[in-house]
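Heads up: the structure comes next, in structure tokens.
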Amino acid sequence: MEIITTDRWEENLWNEAEPIYYAAFPEHGRKNRGIIQNMFRKHLCFLHLGKIDGQPVAMSITGKSDSNNALIIDYFAVREDSRGKGIGTLFLEAIKSWAIKEGAYKLLVIEVEADDNQTNQKRAHFWTNAGFQDTSYIHQYIWVPEPYRAMYLPFIPGTFASEHGPLLFSYITRFHKESYTKGK
């Protein structure tokens with residue numbers, strides 16, 4: 001799998017990632033193009049695009065949380081016809097390796113839907129199988145209907161504890177707030 005990672009808005013790469021993004025995330029759960037462009041303009045994020053035989057099969061937007069050395073997985077998706085083939089695992093491993101190589105990050109963080117249903121259990125199972133640890137803290141945003149919990153993957157085992165769910169959400173919330181705030 002070829003992985004392309006950029007911290008600049010590149011229209012051609014976004015045009016390849018966008019169909020995967022729009023298919024995977026409902027309107028109330030995704031940022032629009034203008035907000036994503038703003039995130040790049042403010043140097044808040046990276047776009048990761050996974051390709052097989054030149055065709056995009058996976059995309060992710062990760063967010064910088066420089067003050068605490070965490071890389072936040074804001075969006076992560078595999079093209080629907082490519083799911084169940086190990087592509088998500090390979091793609092996540094590539095992002096993890098890239099983050100470790102960058103040297104600025106000590107922790108991967110993701111928020112997962114906390115409602116107890118089969119779809120959410122399957123998603124959480126993916127992250128657990130990838131080595132992420134769960135937190136018990138449930139966070140309810142005012143702008144989306146479903147509750148979330150944080151999961152994390154420390155690059156150095158034992159450097160973070162599961163009771164730090166509220167702290168992880170402070171990172172995530174700060175990132176979202178910066179994403180939606182206009183300006184420099």
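The values are calculated or read from the model by the stated rules, or taken from the named source; none is laboratory data. Worth saying up front: this structure is predicted, and the values here are computed from it rather than measured. We place every Cβ from the backbone using ideal geometry, glycine too, and count neighbours over all the protein chains shown. Please note that ligands, DNA and RNA were not included when accessible areas were found on the heavy atoms of the full protein model with its side chains. Shrake-Rupley method; radii C 1.70, N 1.55, O 1.52, S 1.80 Å.
What is the one condition in (1) without any contact (Cβ under 8 Å) to a residue 40 or more places away in the chain; (2) under 18 Å from LEU107 (Cα atoms) that TYR148 does not satisfy?
Answer for TYR148: the failing condition is (2).
Matching residues to (1) within 21 Å of SER170 (Cα to Cα); (2) at pLDDT below 95:
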{"position": "ASP7", "(1), (2)": "no, no"}
{"position": "PRO19", "(1), (2)": "no, no"}
{"position": "ILE52", "(1), (2)": "no, no"}
{"position": "GLN55", "(1), (2)": "no, no"}
{"position": "LYS64", "(1), (2)": "yes, yes"}
{"position": "ILE73", "(1), (2)": "yes, no"}
{"position": "VAL78", "(1), (2)": "no, no"}
{"position": "GLY86", "(1), (2)": "no, no"}
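Would you please list the contacts, defined by Cβ atoms under 6 Å and residues six or more apart or on different chains, that run from a residue in the stretch 66-87 that is within 17 Å of GLY50 (Cβ to Cβ) to a residue that is hydroxyl-bearing (Ser, Thr, Tyr) and in a loop (DSSP other than H, G, I, E, B)?
Close Cβ pairs (under 6 Å, with a partner that is hydroxyl-bearing (Ser, Thr, Tyr) and in a loop (DSSP other than H, G, I, E, B)) amount to LEU71/TYR105.
May I ask you to list pairs of residues, at least six apart or on different chains, whose Cβ atoms are under 9 Å apart, with the first in the stretch 110-126 being closer than 21 Å to HIS164 by Cβ and the second being in a strand (DSSP E or B) and open to solvent by 60 Å² or more (accessible area, probe 1.4 Å)?
VAL112/ASP134; ALA114/ILE138; ALA124/ASP134
Scan the stretch 154-177 residue by residue and report those that are closer than 17 Å to TYR105 by Cβ, part of a helix (DSSP H, G or I) and in contact (Cβ under 8 Å) with a residue 40 or more places away in the chain.
Within the stretch 154-177, LEU168, TYR171, ILE172, ARG174, PHE175 qualify.
Return the residues of the stretch 106-153 that are surrounded by fewer than 17 Cβ atoms within 10 Å (Cβ to Cβ) and in a strand (DSSP E or B); say none if nothing qualifies.
GLN133, ASP134, SER136, ILE138
Is it fair to say SER65 is polar (S, T, N, Q) and under 13 Å from THR6 (Cβ atoms)? I'd like the intermediate steps shown before the answer.
Details: polar (S, T, N, Q): yes; under 13 Å from THR6 (Cβ atoms): no.
Judged against the criteria, SER65 is not a match.
Could you identify the single residue in THR181, THR173 that is surrounded by fewer than 13 Cβ atoms within 10 Å (Cβ to Cβ) and closer than 26 Å to PHE40 by Cα?
Values: THR173 fails: surrounded by fewer than 13 Cβ atoms within 10 Å (Cβ to Cβ).
Of THR181, THR173, the one residue that is surrounded by fewer than 13 Cβ atoms within 10 Å (Cβ to Cβ) and closer than 26 Å to PHE40 by Cα is THR181.
Would you check which residues across the stretch 133-163 are touching a strand residue (DSSP E or B) at 6+ places or on another chain (Cβ under 6 Å) and of a type in the set (Val, Ile, Thr) and list them?
Once the filter is applied, which keeps residues that are touching a strand residue (DSSP E or B) at 6+ places or on another chain (Cβ under 6 Å) and of a type in the set (Val, Ile, Thr), the stretch 133-163 yields THR135, ILE138.
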